[in-house]
Number of protein chains: 6
Amino acid sequence: MTANTHIPAKTPDQSETVMTEMVLPNDTNNLGNLMGGNLLHWMDICSAITAGKHANTIAVTAAVDNVSFQHPIYGGAIVTLKSRVTRAFRTSMEVAIEVYTETMESQEKVLTNTAFYTFVALGPEGKPVPVPPIQPANPGDRERYDAALRRRELRLILAGRKSPKDAPALQALFGAVQP
Amino acid sequence: MTANTHIPAKTPDQSETVMTEMVLPNDTNNLGNLMGGNLLHWMDICSAITAGKHANTIAVTAAVDNVSFQHPIYGGAIVTLKSRVTRAFRTSMEVAIEVYTETMESQEKVLTNTAFYTFVALGPEGKPVPVPPIQPANPGDRERYDAALRRRELRLILAGRKSPKDAPALQALFGAVQP
Amino acid sequence: MTANTHIPAKTPDQSETVMTEMVLPNDTNNLGNLMGGNLLHWMDICSAITAGKHANTIAVTAAVDNVSFQHPIYGGAIVTLKSRVTRAFRTSMEVAIEVYTETMESQEKVLTNTAFYTFVALGPEGKPVPVPPIQPANPGDRERYDAALRRRELRLILAGRKSPKDAPALQALFGAVQP
Amino acid sequence: MTANTHIPAKTPDQSETVMTEMVLPNDTNNLGNLMGGNLLHWMDICSAITAGKHANTIAVTAAVDNVSFQHPIYGGAIVTLKSRVTRAFRTSMEVAIEVYTETMESQEKVLTNTAFYTFVALGPEGKPVPVPPIQPANPGDRERYDAALRRRELRLILAGRKSPKDAPALQALFGAVQP
Amino acid sequence: MTANTHIPAKTPDQSETVMTEMVLPNDTNNLGNLMGGNLLHWMDICSAITAGKHANTIAVTAAVDNVSFQHPIYGGAIVTLKSRVTRAFRTSMEVAIEVYTETMESQEKVLTNTAFYTFVALGPEGKPVPVPPIQPANPGDRERYDAALRRRELRLILAGRKSPKDAPALQALFGAVQP
Amino acid sequence: MTANTHIPAKTPDQSETVMTEMVLPNDTNNLGNLMGGNLLHWMDICSAITAGKHANTIAVTAAVDNVSFQHPIYGGAIVTLKSRVTRAFRTSMEVAIEVYTETMESQEKVLTNTAFYTFVALGPEGKPVPVPPIQPANPGDRERYDAALRRRELRLILAGRKSPKDAPALQALFGAVQP
């Protein structure tokens, strides 16, 4: 669970990935808007590239969390996905994805979706391999780095692999409001 | 946020959906296993059908949470997705999906993935419309129904639309371990 | 051509497969209805899973017969495919598929299509291998089991691999009306 | 059921369609051969073009029969589909498809598949419209024209819309071998 | 750069390829017309088949030039691609593609697109291998054969691999108008 | 042919588009490398976004030129496409695309492909509409801006819509080497 301090750290910038797509009829639901599943697929590819670049090896999806769809994305819209590693653990990494949508007419980018994907790095035999630690490069990175630990605790609790009483970061969050 | 008590309730059985797929080369990543993004896409379609059947109208993805990938799914495997509504709110529903994988040789179904997708029901003008409440049909449904509220609080807190101090279900969970 | 009496029989229930799909823009013809070829593709996957589960090994399509399209299937409709083995021969199996269509609004399932797909089971070297016999589990299975023999005779006659005079089941059917 | 004698007849040549494809990884099953469902999809498109050209309007799939898969089609193979109208009825047409396969190395075309697809012509309001009769152009066409009637009788009997005793073409075929 | 005079020549007829497609919703842009990228993909497959048949081995795309889109191609249209080798060099070949479009209603074929694709033939180890020379079969072939040399000079100049002063065919074209 | 001096000019930066993709089995040819046609499709989408952003309206492909494939792109590679408007004419724009390829292991970006796509901007009725002129922002842009005119002359000559003697830019290029 601890980061691999013996591997030189990398910054999120080094594996940031930008993917731009246009919503074609092929990608839409029966209302003519981008189908949720297609966006989930694009986000998976974009963040898998980020994870693979950070780990210098192929990385496979281990978890997906907190995907929000705040606005419909209309047919013809331009969709820009940006993914950055928030934190690296021993063989896994969390990647944050932001999705911005604009029309050709307005070109005002609106944040329509965010998500966190977790990947495991695999070596040549398909076994998990250690990944470089992350060195946050700016305050936003630092905040995402800290929050990544809470999300990880939550994932483990929800998966039944950790007890709430072993989750100090979450206790601090909710304990602060206890009488 | 409260369920629509004026609409007759439905049970999760009434909209349960089963989707079976075979992992074809088309669906794989560069290790020959099912690509995460393809499974996310299948889960989106399967759970959108469940939500649409519960709501009696088209439903669009609003959130995706706690998607776990516990085992690789090999090329040629048979994948069975089962989706059930866990709880209905005013215009939204949470759907739980379980993914079972088996090979043609062994035919032992292994639970490889679970996820929660939230949908919003849309009326003819594309505006959110009220959905029937859920009447849990068995203890498993009841447990998922209760947990759905905690997941919803968590989603709202993470989206910054609710304060941790207004989340009694989560406080109870983490407060229980406070000194 | 005779079933493999030395292999323990299986019932159609053991390999029944249910696949649910939603008709997306991606799947439609230029009238906005489900394209015939897409449904044929779904039926092929669904029945290949049934055949593979019955045979405990991969099975490849050998013949397709009597596919009927009785009603158009509109965009947005929910399509449920059910496939069951009707009869097993030495290395081949016939699978019956029924396709039911409903809208999210009405949720009345209408039988829109039926078809028979024949598969050959292949072993590790890609050679045909024997498959378990079928033990019909109910009157409907029994009827399909008997009719499967007539369809098989017909396939062989139409393929020029059998003479009409060696087809007793078909002779009985048409001979009954001879003067 | 009778052809539309008031519409000028057309020959099969006038709507013959040739489609050539290469089997890409995208099209294969888990043995690396062309997936049956993909070929069914290609045949549907190829024969729908033939039917549409004969009818001068869009035509939708009504039935598929006697699809045979005689040889596996390997990845990388070149697949040539040829479709011709065999016979036109009032608003429907039967189309015969032949599929030839060759490798780039040998370039020996082998007949690997045959099938019969039936289409219904639809007018601007989506209602069936009359189609031109077929004028067979050579002995092969003539033979397929005659056999089309037997296949049609068989389709109607199998669909329960005709009794075997009203099928003179089939009675002749099987009656010839009666004692 | 010189053709392989030691290999028996072939005519363009021997590898001509015809591919017919129908424009389905799946293939369209947000105006409902055939998306440029989909046509480029179809042209790539059609001309790769021609090149592979001429070379008797797999051929991969090396260059694409002079693709023109003269008219929009509407949804529902029938698109016919024809590809022929124009000239063979040592290990590469140029293929000319013509795209004709018609509607089911009018069936007047209009030339909507032309393009030149260049392929390199690859042997079993993935290395370039010599290809047969081309023997033009008619005046049109002969004209395309001559022009292919000018296009090749132009490709090499534009790629910075040849100086304009070493391009006699192009000098003749433009020099003719010098004062 | 002249730029629209009455519309405020834009720089290439304002519509530059970056698209990152990973080569999945789905995208490969029978050698396991990226299929040429898939890359042509990705380049079409990437450059159509650039053209649409420059024109503030949908833009459709009018021509594709000088697409070079200098190296095979292996399965699993990361592909980065960058597209920039080089020059705007009255209702059309030329877009240059550069494709860089890297592996997860090495992460050395290699320029594997370049291409020029020309688009026409369409207004609400599907008719060509004027587009803003381009203001080159740096020496590289300036060079591409000048060369765009020569490529345009060449496209018009090759399309038979211009005589070589009316192409001063190309005459200068080839005339310089006349004796």
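Starting from residues that are assigned to a loop (DSSP other than H, G, I, E, B) and of a type in the set (Val, Ile, Thr), keep the ones in region E:103-135 and report whichever is nearest to E:Asn38 (Cα to Cα). Among them, the one singled out is E:Thr103.
Taken over region D:155-165, the residue count meeting the criterion of being at the interface with another protein chain (Cβ under 9 Å from one of its Cβ atoms) and either open to solvent by less than 80 Å² (accessible area, probe 1.4 Å) or touching a helix residue (DSSP H, G or I) at 6+ places or on another chain (Cβ under 7 Å) (or both) is 5. Please work out if C:Thr114 is surrounded by fewer than 18 Cβ atoms within 10 Å (Cβ to Cβ) and farther than 19 Å from C:Ala59 by Cβ. Criteria met by C:Thr114. Against the list (1) at pLDDT 95 or above; (2) within 14 Å of chain B (Cβ to nearest Cβ), the condition A:Ile78 fails is (2).
Total residues in region E:1-50 satisfying the condition of being out of contact with any Asp or Glu (no Cβ under 6 Å at 6 or more places or on another chain), under 30 Å from A:Gly76 (Cα atoms) and of a type in the set (Gly, Ala, Ser): the figure is 1.
State whether the residues of region F:27-34 include one that is without any contact (Cβ under 8 Å) to a residue 60 or more places away in the chain and hydrophobic (A, V, I, L, M, F, W, C). Within region F:27-34 (the criterion being without any contact (Cβ under 8 Å) to a residue 60 or more places away in the chain and hydrophobic (A, V, I, L, M, F, W, C)), the answer is yes, since at least one residue qualifies.
Would you be able to tell me the number of residues in region C:82-97 that are over 15 Å from C:Lys10 (Cβ atoms), buried (at least 23 other Cβ atoms within 10 Å of the Cβ) and within 14 Å of chain B (Cβ to nearest Cβ)? Within region C:82-97, residues that are over 15 Å from C:Lys10 (Cβ atoms), buried (at least 23 other Cβ atoms within 10 Å of the Cβ) and within 14 Å of chain B (Cβ to nearest Cβ) number 1. Could you check, for region B:4-20, whether at least one of its residues is within 9 Å of chain A (Cβ to nearest Cβ) and open to solvent by 10 Å² or more (accessible area, probe 1.4 Å)? Checked region B:4-20: no residue is within 9 Å of chain A (Cβ to nearest Cβ) and open to solvent by 10 Å² or more (accessible area, probe 1.4 Å). Scanning region D:34-42 for any residue that is modelled with pLDDT under 95, assigned to a strand (DSSP E or B) and either touching a helix residue (DSSP H, G or I) at 6+ places or on another chain (Cβ under 9 Å) or surrounded by fewer than 19 Cβ atoms within 10 Å (Cβ to Cβ) (or both) turns up nothing.
Scanning region F:123-146 for residues that are among the aliphatic types (A, V, I, L, M), open to solvent by 20 Å² or more (accessible area, probe 1.4 Å) and more than 30 Å from A:Glu16 (Cα to Cα) gives a single hit, F:Val129.
Looking at A:Arg151, is it over 30 Å from E:Asn29 (Cα atoms), among the basic types (Lys, Arg), more than 14 Å from chain B (Cβ to nearest Cβ) and buried (at least 19 other Cβ atoms within 10 Å of the Cβ)? The answer is no for A:Arg151. When region D:21-33 is filtered for residues that are open to solvent by less than 40 Å² (accessible area, probe 1.4 Å) and not in a helix (DSSP H, G or I), the ones remaining, listed by number, are D:Glu21, D:Met22, D:Val23, D:Leu24, D:Thr28, D:Asn29, D:Gly32, D:Asn33.
Residue-wise test of (1) among the β-branched types (Val, Ile, Thr); (2) in contact with a strand residue (DSSP E or B) (Cβ under 6 Å, 6 or more places away or on another chain).
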{"residue": "C:Lys109", "(1), (2)": "no, yes"}
{"residue": "C:Tyr117", "(1), (2)": "no, yes"}
{"residue": "C:Gly123", "(1), (2)": "no, no"}
{"residue": "C:Lys127", "(1), (2)": "no, no"}
{"residue": "C:Val131", "(1), (2)": "yes, yes"}
{"residue": "C:Ile134", "(1), (2)": "yes, yes"}
{"residue": "C:Leu156", "(1), (2)": "no, no"}
{"residue": "C:Ala169", "(1), (2)": "no, no"}
{"residue": "C:Phe174", "(1), (2)": "no, no"}
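Let me spell it out: the conditions are (1) open to solvent by 10 Å² or more (accessible area, probe 1.4 Å); (2) out of contact with any helix residue (DSSP H, G or I) (no Cβ under 9 Å at 6 or more places or on another chain); (3) at pLDDT 95 or above; (4) not in a strand (DSSP E or B), and C:Tyr100 meets all of them except one. Which number is the exception? For C:Tyr100, the exception is condition (4). Of all the numbered requirements in (1) open to solvent by 20 Å² or more (accessible area, probe 1.4 Å); (2) assigned to a helix (DSSP H, G or I); (3) in contact with a Ser or Thr (Cβ under 7 Å, 6 or more places away or on another chain), C:Ser47 misses one, and that requirement is (1). Suppose the filter is farther than 30 Å from B:Ser106 by Cα, of a type in the set (Val, Ile, Thr) and in contact with a strand residue (DSSP E or B) (Cβ under 6 Å, 6 or more places away or on another chain); does B:Val79 pass it? Here the answer is no, as B:Val79 does not meet what is asked. A count restricted to region F:139-179 and to residues that are at pLDDT below 85 and not in a loop (DSSP other than H, G, I, E, B) stands at 16.
D:Val79 falls short on exactly one of the conditions (1) more than 21 Å from D:Gly126 (Cβ to Cβ); (2) in a helix (DSSP H, G or I), and that condition is (2). Screening E:Lys109 with (1) touching a residue at least 60 places away in the same chain (Cβ under 8 Å); (2) open to solvent by 10 Å² or more (accessible area, probe 1.4 Å); (3) of a type outside the set (S, T, N, Q) gives one miss only, at (1). Within region F:51-74, the set of residues being more than 11 Å from chain E (Cβ to nearest Cβ), touching a helix residue (DSSP H, G or I) at 6+ places or on another chain (Cβ under 8 Å) and open to solvent by 10 Å² or more (accessible area, probe 1.4 Å) comprises F:Lys53 only.
The values are calculated or read from the model by the stated rules, or taken from the named source; none is laboratory data. Everything numeric here is computed off the predicted structure, so don't read it as measured data. Ideal geometry is used to build each Cβ from the backbone, glycine not excepted, and the neighbour counts take in all protein chains shown. For accessibility, only protein heavy atoms count, side chains too; no ligands or nucleic acids. Shrake-Rupley method; radii C 1.70, N 1.55, O 1.52, S 1.80 Å.
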